[in-house]
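Student: Before I ask anything, let me first share the structure, which is written out below as structure tokens.
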Amino acid sequence: TEQAVAVAGGIIGGILLFVLLGITTYLLWKKICRPFSYEKLINPVKATNKNAIFQDQANSETQLKSTSRSRSVPFIIPPTLHGRDWIHLTNEEQVQEDRDPYMTPQSGPRSSFHSLAGAYVVGTINPDLYKFPEDKSETDFPDGSIGRLWFSIEYEQESERLLVSLIKARKLQPPADSCSPFVKIYLLPDERSYLQSKTKRKTLNPQFDENFVFQVSSKMLLQRTLKFLVYHVDKQKKHHLLGQVIFPLKNEALTEDNKLVIWRDLEKENLEPPSEHGDIQFSLSYNDYLGRLTVVVLRARGLKLHEESPAVGVYVKVSLMNHNKFIKSKKTAALLGTPNPVYNETFSFKADQSELDTASLSLSVLQSNKGEKTLLLGRVVVGPFMYTRGKELEHWNEMISKPKELVKRWHALCHST
């Protein structure tokens with residue numbers, strides 16, 4: 001009996017010892033592995049110190065003790081996140097709810113990851129990155145504007161075709177309350193043929209979106225000029241010209257890979273009949289600070305070309321005079337014989353402000369022929385009271401009264417000096 005009791009006691013003791021060793025081993029294993037585990041944050045709380053600044057590791061440990069988070073999570077709250085609450089989303093993600101407008105992160109590109117250090121939140125979008133630059137061409141209209149026209153041009157080298165796309169017009173000024181506009185397109189110097197758009201009914205801001213094709217060789221392309229005439233059709237089917245756009249092609253790099261989208265303000269057409277020898281339009285400007293006189297030769301119309309021999313070119317010669325002394329002259333490129341050439345060329349002359357009372361400008365329209373001398377088609381002189389009267393004197397005085405501003409006018413050509 002005593003042996004049986006001794007055996008049973010030994011077995012029970014062994015079992016207890018084994019269980020004790022197992023518990024001890026489990027506790028030791030849990031104690032060793034616990035610092036490397038992370039717990040899910042269920043009830044995060046905000047930091048108690050709203051304006052705390054983490055200057056060193058000792059301050060970081062102090063802030064860790066002030067929170068109710070588990071010490072097993074090695075997590076430091078950045079200073080920029082203090083004083084904010086957290087809200088729970090349906091997918092159990094946690095996102096900050098901004099309470100202080102001065103604590104919001106600076107605008108910039110958002111990371112797709114949740115970065116507490118940069119205060120970026122998952123799914124946050126910066127709307128400034130998706131804004132298109134504002135198109136001010138439809139909002140900034142000059143005083144006295146009669147409308148604006150948008151179009152694009154492209155040139156196909158192999159087929160020698162000029163592609164013109166008429167896009168839209170805005171803020172037209174019709175003679176009546178309603179407006180039914182359409183556009184005629186010319187390729188100057190040919191003024192006998194044109195292409196016409198469809199008529200848009202009862203709108204001041206028509207959207208055309210129409211394409212037109214002109215056949216023109218690459219050698220002649222840069223000597224051509226596009227002319228857009230915008231008309232309004234009234235109830236009696238009469239056409240009223242609202243404005244025009246003149247666009248020379250000589251300064252444009254036209255290729256198949258370069259489609260130019262352009263807008264221009266409408267200009268009023270000179271409704272006065274051409275003078276006996278034709279007219280010329282140019283702008284004058286004087287910069288009193290730089291002492292520079294600028295002349296922009298725009299176009300001529302109604303020229304009386306000499307038909308005895310084929311015309312090689314028509315050009316404008318601009319000469320600066322002081323008293324009767326010649327100072328300097330410049331000339332435009334020669335265009336093929338056309339009674340309505342378009343130049344759009346700018347010239348500058350050095351002239352002191354004290355010389356404006358004795359200086360003058362002479363603009364001569366000349367025609368050069370093969371094997372013959374240059375022929376004068378007409379001339380106009382603008383300057384002070386010493387040399388000119390009428391419109392020429394008014395143009396000169398307006399230039400002086402409006403420094404640094406281009407003053408544009410038409411002038412009749414004559415053969416007298």
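Results for (1) modelled with pLDDT under 85; (2) open to solvent by less than 20 Å² (accessible area, probe 1.4 Å); (3) not in a loop (DSSP other than H, G, I, E, B), shown as yes or no for each residue.
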residue	(1), (2), (3)
VAL122	yes, no, no
ASP128	yes, no, yes
PRO133	yes, no, no
SER137	yes, yes, yes
LEU149	no, yes, yes
GLU158	no, no, no
LEU163	no, no, yes
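Student: Could you list, in sequence order, the residues of region 370-398 that are open to solvent by less than 50 Å² (accessible area, probe 1.4 Å) and in contact with an Asp or Glu (Cβ under 8 Å, 6 or more places away or on another chain)?
Tutor: VAL380, VAL381, VAL382, GLY383, PRO384
Student: Please specify each residue of region 165-186 satisfying the condition of being without any contact (Cβ under 8 Å) to a residue 40 or more places away in the chain and either open to solvent by 60 Å² or more (accessible area, probe 1.4 Å) or under 28 Å from LYS219 (Cβ atoms) (or both).
Tutor: The answer is LYS171, ASP177.
Student: Are there strands (runs of 3 or more DSSP E) fully within region 196-267 with at least 3 residues that are modelled with pLDDT of 85 or more and loosely packed, with under 13 Cβ neighbours inside 10 Å? List them.
Tutor: Ranges flagged: 207-215.
Student: While we're on this one: Within region 401-417, can you find the residues that are farther than 20 Å from GLU345 by Cβ and more than 33 Å from the chain's Cα centre (by Cα)?
Tutor: Listed by number, the residues that qualify are ALA412, CYS414, HIS415, SER416, THR417.
Student: If only one of LYS227, LYS259 is more than 22 Å from LYS171 (Cα to Cα), outside the structural domain of LYS317 (by the TED database) and under 25 Å from the mean Cα position of the chain (by Cα), which one is it?
Tutor: Matching residue, one of LYS227, LYS259: LYS259.
Student: Is it the case that some residue within region 349-367 is free of Cβ contacts under 8 Å to residues at least 24 places away in the same chain, on the phi < 0 side of the Ramachandran plot and open to solvent by 70 Å² or more (accessible area, probe 1.4 Å)?
Tutor: Checked region 349-367: at least one residue is free of Cβ contacts under 8 Å to residues at least 24 places away in the same chain, on the phi < 0 side of the Ramachandran plot and open to solvent by 70 Å² or more (accessible area, probe 1.4 Å).
Student: Now, a different point. Pairs needed: first member in region 393-404, farther than 14 Å from ASP357 by Cβ and in a loop (DSSP other than H, G, I, E, B); second member anywhere, open to solvent by less than 30 Å² (accessible area, probe 1.4 Å) and hydroxyl-bearing (Ser, Thr, Tyr); C-beta distance under 9 Å; at least 6 residues apart or different chains.
Tutor: LYS402/SER285; LYS402/TYR286; PRO403/SER285; PRO403/TYR286; LYS404/SER285; LYS404/TYR286
Student: Next question. Has region 341-353 got at least one residue that is among the acidic types (Asp, Glu), over 24 Å from VAL245 (Cα atoms) and in contact with a Gly (Cβ under 9 Å, 6 or more places away or on another chain)?
Tutor: yes
Student: Could you check how many residues of region 310-332 are open to solvent by 50 Å² or more (accessible area, probe 1.4 Å) and within 35 Å of the chain's Cα centre (by Cα)?
Tutor: Here the count works out to 2.
Student: Hey, among the residues in region 279-310 that are basic (Lys, Arg) and part of a strand (DSSP E or B), which one's modelled with the highest pLDDT?
Tutor: ARG292
The values are calculated or read from the model by the stated rules, or taken from the named source; none is laboratory data. These numbers come from a predicted model, not from an experiment. Methodologically, a virtual Cβ is constructed for each residue, glycine included, from the backbone with ideal geometry; neighbour enumeration extends over all protein chains shown. Surface areas here come from the heavy atoms of the whole protein model, side chains and all, with no ligands, DNA or RNA. Shrake-Rupley method; radii C 1.70, N 1.55, O 1.52, S 1.80 Å.
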